[in-house]
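Here is the structure we will look at.
The values are calculated or read from the model by the stated rules, or taken from the named source; none is laboratory data. Just so we're clear, the structure is a prediction, and the values are computed from it rather than from any experiment. For neighbour counting, all protein chains shown are included, and Cβ atoms are generated from backbone atoms with ideal geometry for every residue, glycine included.
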Amino acid sequence: MENNYAYWRNLCFKDVANDAAYIEKFCDNCGEGVILEPGSGTGRLASHLKNRKIKFLELSGEMVEIFLKNHPDKKDDIIAGSADNAPLPDNSVSGIYVPFNGIGELTPIVFTLKEFHRVLKDDGKLLICAANPDFPMLRAGIGVMAGSTINDIFQFDGRTFKTPFGRYSWQTMLSIRTLAGEVSFSINQYLIPREKLEQICGDAGFKVDSVHGNYDGSAWSQRSQWTLLSLSKAGENSGPALDAHVQKLTSTYDTVAPSYDTFAEKGTYAIPVWLKAKLQDIKLIKPAILDLGCANGSLGAIASRHFGGCSLIGVDVSPGMITELKKLAVYKNSMVWDLNRGVPFIESELFDLVFAFGVLEFVKNIDLTLGGIAETLKPTGSLLCSFECFDEVKGGAKVITDPRIGFPRHLYTEEDVKAILHRHKLEVVSCERITAYKSPSTGAEVDYFIVQAKRDRNLG
Ligand SMILES: C[S@@+](CC[C@H](N)C(=O)[O-])C[C@H]1O[C@@H](n2cnc3c(N)ncnc32)[C@H](O)[C@@H]1O
């Protein structure tokens, strides 16, 4: 067998006539123009959707190969590329459909949804079909398709396990008995409950038009097999409002953004030097790095010079900072996001390294953020971060607001830091106290605990 996974999917989903009928109806509602099927795989639906202008987007070279064997007439309609960085112009497609839980494979899903928003015309429509994790057969945890026989060619058993880390990640072990013998392989899938799916679509700027529980159009219930969401673009500023402190912080950093490097130099900001030295001890090949509170991307630039070929993702609440970061062209992807809402990825174990420098003092619910970081780190991953020090000798409050800047900072003792990390099963590798910068408003020196931590396998 040339490609187990592609071959298996091709056979499993051979009978897609019902599903195709539903998607036909969706396409009818999209109006004139091109329809996009991202993650089109081997092209199971392609032959059913006649007389449509469909473009197929696929990342895997193996899938494209089988697609082209199945559909040689569509060679001009298949685009090689990743849905989270779609090689398509803004406002260029009338509809996008993502069938058969394909959304769970288009990771990181938050970036994919943002790309859908960018490439869809303003009156365009999006259809997402996600496997419902409440569906009893999935909940049973085993035997998703146990013992099925497909076309008398081979038999396969499916076993679906939830991975121990991560709320939405599941791993399916497939054991296939073919004429040539038995082959086993596993695939990772993301099963997203309806509320979460609606929330992440809302965050990406979509509103829900209708929800169904199956391709036959039946009403959605907790026990439905699928969640079929039909969505359209919501207006500008449709996301949740930022709280007043975060608004103040955002406008402060938006103002600083164009001259952030000078601002950091003036304050003799110590993190860039510390990071450069620290990275010498970290041996990773092409690591995936998440930079939280990434500002203009100056730390990512250091990482990129050190590792070469690393894949950087930046998250910051300040749109001004993200604009500056994009000019640097070092980050693979970035997003405007308030960490007070947690870490924006639903997939677990995405990153080899997470940076969170000069940002955790601004976060109100540190456990929400650290929980998200722990979940998104690979089992062998490390967190490099800073916590602003609470000076036990001076005493005072652990949450302070400089009236000249008008938003609070949260301070921690070394014991606090260790306890927080322990709560999230992160083991401290090193924790140093350093003078991090001189306050631009008072000239006072500010100290950080600067931490390297890793996922602690003994803690589970
Ligand atoms: C002091 S700068 C540090 C930037 C960079 N990490 C560094 O060390 O050079 C703090 C950054 O965190 C961002 N930030 C603060 N609060 C945030 C939040 N709640 N969510 C996301 N980013 C936040 C700010 O917009 C700013 O760009």
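Consider Ser259 carefully, then state whether it is of a type in the set (Gly, Ala, Ser), more than 9 Å from the ligand (Cβ to nearest atom), in the same structural domain as Leu384 (by TED's automatic domain parsing) and at pLDDT 95 or above. Answer is yes for this residue. Of everything listed in (1) of a type in the set (D, E, K, R); (2) modelled with pLDDT of 95 or more; (3) part of a helix (DSSP H, G or I), the single unmet condition for Glu375 is (2). State yes or no: is Pro287 within 26 Å of the chain's Cα centre (by Cα), exposed (fewer than 15 other Cβ atoms within 10 Å of the Cβ) and either closer than 30 Å to Arg433 by Cα or modelled with pLDDT under 90 (or both)? Spelling it out, it is not the case that Pro287 is within 26 Å of the chain's Cα centre (by Cα), exposed (fewer than 15 other Cβ atoms within 10 Å of the Cβ) and either closer than 30 Å to Arg433 by Cα or modelled with pLDDT under 90 (or both).
Quick check, is Leu370 within 16 Å of the ligand (Cβ to nearest atom) and of a type in the set (A, V, I, L, M, F, W, C)? Here the answer is yes, as Leu370 does meet what is asked. Please find, within region 239-248, the residue that is modelled with the highest pLDDT out of those that are more than 9 Å from the ligand (Cβ to nearest atom) and assigned to a loop (DSSP other than H, G, I, E, B). Of everything passing the filter in region 239-248, Asp243 is modelled with the highest pLDDT. Ser251: within 13 Å of the ligand (Cβ to nearest atom) and either in a strand (DSSP E or B) or small (Gly, Ala, Ser) (or both), yes or no? Yes; evaluated as a whole, the condition is true for this residue. Looking at this structure, is Gly342 within 13 Å of the ligand (Cβ to nearest atom), assigned by TED's automatic domain parsing to the domain that holds Cys385 and crowded, with 23+ Cβ neighbours inside 10 Å? In short, no. Being within 14 Å of the ligand (Cβ to nearest atom) and either hydroxyl-bearing (Ser, Thr, Tyr) or surrounded by 22 or more Cβ atoms within 10 Å (Cβ to Cβ) (or both) is the requirement here; does Gly358 meet it? Answer is no for this residue.
When the test is whether a residue is farther than 30 Å from Gly104 by Cβ, in contact with an Asp or Glu (Cβ under 7 Å, 6 or more places away or on another chain) and part of a helix (DSSP H, G or I), Ala277 does not pass it. Among the residues of region 378-422, those identified as at pLDDT 95 or above, of a type in the set (Ser, Thr, Tyr) and not in a loop (DSSP other than H, G, I, E, B) are Ser382, Ser386, Tyr412. Counting only helices (runs of 4 or more DSSP H) that sit completely within region 41-143, those holding 3 or more residues that are without any contact (Cβ under 8 Å) to a residue 40 or more places away in the chain correspond to 61-70.
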